[in-house]
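The values are calculated or read from the model by the stated rules, or taken from the named source; none is laboratory data. As the structure is a prediction and not an experimental result, all values here were calculated from the model. Because the Cβ atoms are built from the backbone with ideal geometry, glycine has one as well, and the counts that use them run over all protein chains shown. These accessible areas exclude ligands, DNA and RNA; they are computed on the full protein's heavy atoms, side chains included. Shrake-Rupley method; radii C 1.70, N 1.55, O 1.52, S 1.80 Å.
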Amino acid sequence: MARRLDDPATLAYVLINGQLATWGPDTTERDLDWVDELLVLTEEAGNAELALQTRTRQIDYLLELDDLVGADIALLALERTAAESPDPRARAYLPLQRARRAALEGRYEEAERWNAEAANVGVALEDRMVQLLAAAQIAMLRWNQGRIGEMEELVRRFADAAPGIVGWRAALARIYCDLGREEEARRELERLDQMGFANLPRYNGWMNMMGLLAEVCAQLEDAPRAAALYDLLLPFERRNVVTAQCAFDGPVSRYLGIMASTAGRWDAAARHFEVTRTACVRQRARPFQALVAIDEARMLIARDRPADVSRALGLLTEARSIAEELGLEKVVERADRARRAIGAVEPAGVEARQTREPDSAAPATAQMRWEGDVWAFCFEGHTLHIRDSRGVRCLAVLLANPGVEVHALELAGPAPDPTTRGRGASGIIASATTADGAGPALDGEAKAAYRGRLEDLREDLEEAESFNDPERVSRVREEMDFLARELAGAVGLGGRDRKGASNAERARVAVTKAVRATLKRIGEINPQLGEELATTIRTGTFCAYEPDRHRPVTWEVERE
């Protein structure tokens with residue numbers, strides 16, 4: 001109705017509230033589309049409060065869809081929006097986002113400082129939602145640090161006060177496991193399963209709840225419930241578990257690995273853990289590298305094939321090293337307990353790297369060949385044919401360039417041809433400036449440089465504000481604004497000039513949809529090939545084919 005009446009104010013109201021009312025794991029792509037439209041509406045109307053909410057949700061969606069580059073740039077845009085916003089809640093939303101970003105990389109002291117700042121704002125404003133978000137964030141920080149047992153009183157209080165948010169009950173069950181009170185944990189698990197896990201509310205904390213329950217099932221060795229949860233979570237394997245506005249809880253594939261292991265599905269668990277490890281390295285998510293190493297070690301010990309115990313020992317040594325570096329004492333203790341359980345007595349740090357590689361296999365070869373108006377996929381003795389389309393051509397570019405990130409603008413351009421694209425020194429396919437002026441893709445070196453400079457500027461800004469130095473604050477903000485404008489031109493998020501941003505965002509959405517539709521079609525014809533591609537193709541602002549290191553497939557892509 002708002003569209004028919006050309007009423008932008010009502011349309012913005014409907015989009016922001018409709019998104020909130022229906023927010024869940026099944027709506028993320030749609031919600032990101034709505035965000036792009038909302039950003040245009042809020043800028044045209046000058047609605048600072050709505051712009052603030054829109055930016056915070058944009059970061060949530062991009063993190064969930066594993067587009068960390070886009071999320072970082074959206075965070076920079078949020079900083080600009082918050083600086084200009086008269087809404088006092090801006091002083092809470094921004095530190096919550098900064099805390100989440102710091103925790104993702106294991107910078108826990110910094111994360112806790114930002115969290116405390118947000119919590120203080122919530123108390124000062126008597127804003128219960130801000131207080132709830134700050135409490136949820138600190139609980140998730142403790143979870144990832146292996147210290148969730150410290151949060152029992154707080155979590156029980158919120159579980160009792162908000163019975164409709166069933167994720168708090170899952171958190172309580174996880175706490176009981178951490179405290180060794182398994183019967184209480186089992187009662188909470190059974191309570192949540194009374195109406196069937198499939199009937200639990202699919203709200204914006206659903207995937208976080210699934211992650212908590214995965215760890216509960218593993219602790220209680222509840223294979224049937226782990227299998228039931230696994231099937232529910234599997235469609236979201238390539239995403240991350242994100243708690244709205246406050247926490248990053250790692251790749252979904254980690255929890256799938258935990259549940260597959262608990263259910264005795266060893267091959268599936270090994271594949272999920274490999275996907276997780278690759279994602280964590282790319283994300284620089286060091287805490288989750290340590291956690292998944294322990295998860296996989298436990299799986300190997302339970303599976304007990306030849307060399308499994310030796311490899312598990314290497315993983316535990318690796319986990320211990322990372323956890324010790326990050327100050328994760330409880331995670332160090334978990335690794336040490338597991339090492340002692342398999343009789344490890346040698347000094348920590350001796351065999352971590354020596355035991356990681358023997359499992360690697362020689363690369364297999366597959367073909368993707370152009371035949372008239374169709375493409376032939378030859379994989380493990382089977383051939384299937386798919387009609388030519390944008391999604392198939394995007395796949396061709398990615399498969400022909402393994403390990404290379406390709407910007408969505410490149411794939412959305414005129415007829416991408418894998419045989420004419422080359423790999424640049426940076427590992428990113430070079431892309432000329434697009435005809436509409438959206439700008440070239442950022443290469444790996446540029447992305448690293450921008451992240452480093454952004455962190456420096458944030459520190460400078462904090463120091464200048466603490467010294468009450470308005471001139472220096474102005475200089476720092478000016479440089480941050482310049483950086484935001486440059487990044488918007490390159491990646492398509494943030495800034496005032498919507499032209500370049502809209503082009504890049506439309507490219508991301510179009511390419512993602514096209515590739516996913518193609519993967520779905522392939523999976524319907526050949527489930528084995530569909531699974532292989534679904535677990536190794538990554539879409540987003542930057543897309544890539546990331547071969548499984550233990551079962552690598554080299555694709556030969558040919559055209560007539």
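Computed on alpha carbon atoms, what radius of gyration and Dmax characterise the range 1-123, expressed in Å?
Every Cα atom of the range 1-123 included, Rg and Dmax give 15.1, 51 Å.
At a Förster distance of 60 Å, what's the computed FRET efficiency of Asn468 paired with Ala517, Cβ-Cβ distance as r, to 0.05?
FRET efficiency, Asn468 to Ala517: 0.65.
Considering only protein heavy atoms, with the full assembly of protein chains and a 1.4 angstrom probe, order His272, His382 by accessible area, largest first.
Listed by decreasing accessible area, they come as His382, His272.
Send over the per residue convex hull volume for the range 144-275, Cα only, as a whole number of Å³.
Given the Cα convex hull of the range 144-275, per-residue volume reads 103 Å³.
Please list 315-324, 156-165 highest first by mean number of surrounding beta-carbon atoms within 10 Å per residue.
315-324, 156-165
Based on the Cβ-Cβ distance of Glu380 and Glu333, what FRET efficiency does E = 1/(1 + (r/R0)^6) give at R0 = 41 Å, to the nearest 0.05?
Computed FRET efficiency for Glu380 and Glu333 comes out at 0.40.
Treat the range 242-336 as a sphere of radius equal to its Kirkwood radius over Cα pairs and apply Stokes-Einstein at 10 °C in a medium of 1.306 mPa s; give the translational diffusion coefficient in µm²/s, rounded to a whole number.
119 µm²/s
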